[in-house]
Amino acid sequence: AQTVTQSQPEMSVQEAETVTLSCTYDTSESDYYLFWYKQPPSRQMILVIRQEAYKQQNATENRFSVNFQKAAKSFSLKISDSQLGDAAMYFCAYLNNAGNMLTFGGGTRLMVKP
Amino acid sequence: TAGITQAPTSQILAAGRSMTLRCTQDMRHNAMYWYRQDLGLGLRLIHYSNTAGTTGKGEVPDGYSVSRANTDDFPLTLASAVPSQTSVYFCASSAPRLTEAFFGQGTRLTVV
């Protein structure tokens with residue numbers, strides 16, 4: 001079974017600075033999908049960024065980028081130019097290649113200081 | 001708009017009572033999931049279904065049951081609620097090669 005680990009229960013960043021959230025996972029598959037989801041206080045789950053394991057290039061979405069290290073099974077999220085609206089819980093998630101098993105990490109609470 | 005609908009959005013339930021949380025999707029995804037999220041914590045998988053007619057147990061299945069009579073619906077039943085089942089429940093769905101997994105808006109359940 002796949003496992004996803006987020007080792008940072010809480011992180012804090014100054015507004016306009018950069019922060020990196022860590023995620024590691026364990027799998028025996030070679031093809032799979034990785035996600036970062038943001039959950040604001042509204043509890044809605046919002047997709048931040050997605051990475052296909054067969055792609056070597058790291059995904060980027062505006063101020064959000066990932067550092068995907070397949071051999072190390074690491075998938076960190078970098079948030080540049082942090083904004084107050086970035087404050088939320090962030091979840092790393094793994095979806096298997098068959099698209100039928102979605103596993104989450106324990107989450108990281110990000111606080112943004114003005 | 002396409003997506004997942006959960007009902008109710010919130011509920012207060014007396015301990016010992018039964019309740020069914022409803023989840024419906026209109027995207028024809030084969031896989032569906034139920035997670036619980038306790039205050040400040042991550043999402044723990046309760047039950048899942050890979051396709052209509054099949055279900056499986058997740059990390060925390062005790063006290064819950066599910067059914068998958070068709071592709072669209074995946075109800076979660078608490079047969080006899082206990083206070084430790086107070087949580088926010090999320091239903092989700094996925095399919096191969098999707099850009100994302102889809103989530104319902106969550107159901108906040110309080111068992112008193």
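Here are the numbers for the structure shown:
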{"item": "Residues of segment A:72-109 with amide N under 20 Å of the 7 Å Cα→Cβ point at residue A:5", "result": "A:72-78, A:90-96, A:102-109"}
{"item": "Under-5 Å amide H pairs with residue A:63, H placed in peptide plane, nonlocal only", "result": "none"}
{"item": "Estimated inter-spin distance, residue A:16 and residue B:39, nm [label 7 Å along Cα→Cβ]", "result": "3.6 nm"}
{"item": "For segment A:9-15, Karplus couplings with θ = phi - 60° (6.51, -1.76, 1.60), whole Hz, Gly/Pro x", "result": "x, 9, 9, 9, 9, 7, 3"}
{"item": "Positive-end extreme of charge dipole, the protein assembly as shown - chosen from B:81, A:87, B:27 (charges on Cβ)", "result": "B:81"}
{"item": "In order through segment A:94-101: 3J(HN,Hα) via Karplus (6.51 cos²θ - 1.76 cosθ + 1.60), integer Hz, x for Gly, Pro", "result": "10, 10, 5, 5, 6, x, 10, 9"}
{"item": "Computed over chain A: relative contact order in percent, which uses C-alpha pairs under 8 Å that are six or more apart", "result": "37 percent"}
{"item": "Inter-label distance for residue A:57 and residue B:22, nm, one decimal - labels placed 7 Å from Cα along Cα-to-Cβ", "result": "4.5 nm"}
{"item": "Packing rank of B:7-13, A:87-93, A:28-34, where each peptide gets the mean count of other beta carbons within 10 Å, highest leading", "result": "A:87-93, A:28-34, B:7-13"}
{"item": "Using θ = phi - 60° and Karplus 6.51 cos²θ - 1.76 cosθ + 1.60, couplings along segment A:25-36 (whole Hz; Gly, Pro as x)", "result": "9, 10, 7, 9, 7, 9, 10, 5, 10, 10, 9, 10"}
{"item": "C-alpha center-to-center spacing [segment B:22-83, segment A:60-114] in angstrom", "result": "24 Å"}
{"item": "Under 17 Å from the Cα of residue A:38 - aspartates and glutamates, other chains or at least 8 residues apart", "result": "A:10, A:61, A:81, A:86, B:38, B:100"}
{"item": "Label-to-label distance, nm, for residues given as residue A:98 and residue B:70 (7 Å Cα→Cβ offset)", "result": "2.5 nm"}
{"item": "For chain B, the fraction of alpha-carbon pairs in successive 5 Å shells from zero, as %", "result": "2, 13, 24, 26, 19, 10, 4, 1, 0"}
{"item": "Residue-averaged beta-carbon neighbours from other chains (10 angstrom radius) around A:60-71", "result": "0"}
{"item": "P(r) of chain A over all Cα-Cα pairs, binned every 5 Å from zero, in whole percent", "result": "2, 12, 24, 25, 19, 10, 5, 1, 0"}
{"item": "Within 10 Å of each Cβ in A:36-46, the average number of Cβ atoms from other chains", "result": "3"}
{"item": "Under-5 Å amide H pairs with residue A:32, H placed in peptide plane, nonlocal only", "result": "A:53, A:54"}
{"item": "Placed amide H near residue A:17: partners under 5 Å, 5+ positions off or other chain", "result": "A:82"}
{"item": "Other protein chain Cβ atoms within 10 Å, averaged over every residue that makes up A:91-102", "result": "6"}
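Rule-based calculations on the coordinates, nothing more; no lab input. Small disclaimer: the values here were computed from a predicted structure and weren't measured. Every residue, glycine among them, receives a Cβ derived from its backbone with ideal geometry; neighbour counts consider all protein chains shown.
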